[in-house]
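Sending over a structure as structure tokens; questions will come in a sec.
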């Protein structure tokens, strides 16, 4: 990793400009490498993560200790925590990205004009990508791997909660990448937690080509408000599961418990459960969730099913809890469910559970979210589960990329025009 002077003596704009220029120079070298060379370097980086596991886990232990002292919630500590299995999965994710088909150079369209000009559109790297994220140290590896595989430089700004983990992971990754011929400056971690550095990234037009925020609503809102660089937004996951009247009760129970409680702190976790008034096993479903350790906040009809349900406030329907807390509403049919989702969903992931194929198709077509599912847990909203390898985030907007953003979402295209002496009349 490139060394920099003490950050206290450098103003944020100068610091970010210097890092971005180094990244841009490294990106030109990276883009000139063959696909096989970039893949090989990532394979070496994955092995280095395994080799350095003791150092990485020791660094993570420091972050966890600080997190407990600072009062992080159990869900946030879970997002932060690494162990041998999770670190092995991170390394495997880097290897999976190395083995994915390289989108760079793919011809996505071609034509020959009547005058003989031959046109083609070819995928190319975006350039230098700034990633701003919070407490998840796995994002350091995922973002680095995806950017390198697609020929992009990455400028990473992780959260203070994971500062030791991020530096340890990056040190391992950089050692592996450099052993494979990738310039060290192709992946850089901002060496300060000063919030002014984020502002400098957001205004570095011409130096940073795209910003990807991964974090809570306040972070994404700030990025979208202040950025002078194109933003690929990963908003909060206010994800709904609608248990239709024709849902299989056993399936509904299994999916609902998994969607909420498998890992409460991930963006694919269910935050609102909608139960159709025609679903006959509503009481059993509510009871199962409570007895599994989930706090339920419901409307009056849900409250009537179990006295342990507290009354939901107006804000609950728009809250990403990232904890074992769930909003639950009873709805009178598909139209009410669709209206609730349209009003409260963050357009991340929404699910219907039903054995009625026509109802499922209506839901899949009419819900305008990045990911819409039928008879599956929302916790599958993940690039790895979609066969994309690691992901850089779930894009909830409508432009460029949507849903899990992996290699293809980190490319743009250029037109290649081949002539034989044509001059325009």
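Each reported figure results from applying straightforward, stated rules to the coordinates on display, with no laboratory input. All figures in this text were calculated on a predicted structure; none of them were measured in a lab. Neighbour counts run over all protein chains shown; Cβ positions are idealised from the backbone, glycine included.
So what is the calculated 222 nm ellipticity per residue for the chain, using -39500 (n - 2.57) for each DSSP H run with n of 4 or more, over all residues, to the nearest 500 deg cm²/dmol?
Result for the chain: -12500 deg cm²/dmol, rounded to the nearest 500.
May I pose another question? Just to be sure I understand the model, the point goes 7 Å from the Cα along the line to the Cβ. What's the resulting residue 400 to residue 106 distance in nm?
1.7 nm
Rounded to whole Å, give me the distance from the Cα center of the stretch 298-330 to that of the stretch 110-162.
40 Å
A further question on this structure: What is the antiparallel percent of DSSP beta bridges lying wholly in the chain, to the nearest 5?
So the antiparallel bridges in the chain amount to around 30 percent.
I would also like to ask the following. Most exposed first by the Cβ proxy, i.e. fewest other Cβ within 10 Å, how do 415, 317 rank?
415, 317
Further, regarding this structure: Hey, for a label at residue 415 modelled as a point 7 Å past Cα toward Cβ, could you say which residues of the stretch 107-148 have their backbone N under 12 Å away?
111, 113, 118-122
Can you say what percent of the DSSP beta bridges in the stretch 239-380, counting only those with both residues inside, are antiparallel? Round to 5.
0 percent
Taking the number of other C-beta atoms within 10 Å as the exposure measure, put 234, 400, 167 in order starting with the fewest.
Least crowded to most crowded, the residues run 400, 167, 234.
Moving on. Subtracting the Cα-Cα distance from 0.36 nm times the residue separation, let me have the gained length for residue 304 to residue 61 in nm, one decimal.
83.0 nm
Can I ask one more? Calculate, axis by axis, the spread of Cα positions in the stretch 239-380 along the three principal axes, and write the results as whole Å, longest axis first.
35, 30, 26
Among (i) 36, 26, 19; (ii) 40, 28, 19; (iii) 30, 30, 21, only one was calculated for this model; which label is it, if the read-out is semi-axes √(5λ) of the Cα gyration tensor in Å?
Given (i) 36, 26, 19; (ii) 40, 28, 19; (iii) 30, 30, 21, the structure-derived one carries the label (ii).
Sort 279, 386 by Cβ crowding within 10 Å, fewest neighbours at the top.
Sorted ascending by nearby Cβ count, the order is 386, 279.
Another question, then. Compare the peptides 238-248, 188-198 by average per-residue count of other Cβ atoms within 10 angstrom and give them in order, highest first.
Going from most to least packed, we get 238-248, 188-198.
In the stretch 337-425, if every C-alpha pair distance is counted and binned at 5 Å from zero, what percent goes to each bin?
P(r) for the stretch 337-425, in whole percents per bin: 3, 12, 18, 18, 14, 10, 7, 4, 4, 4, 3, 3, 0.
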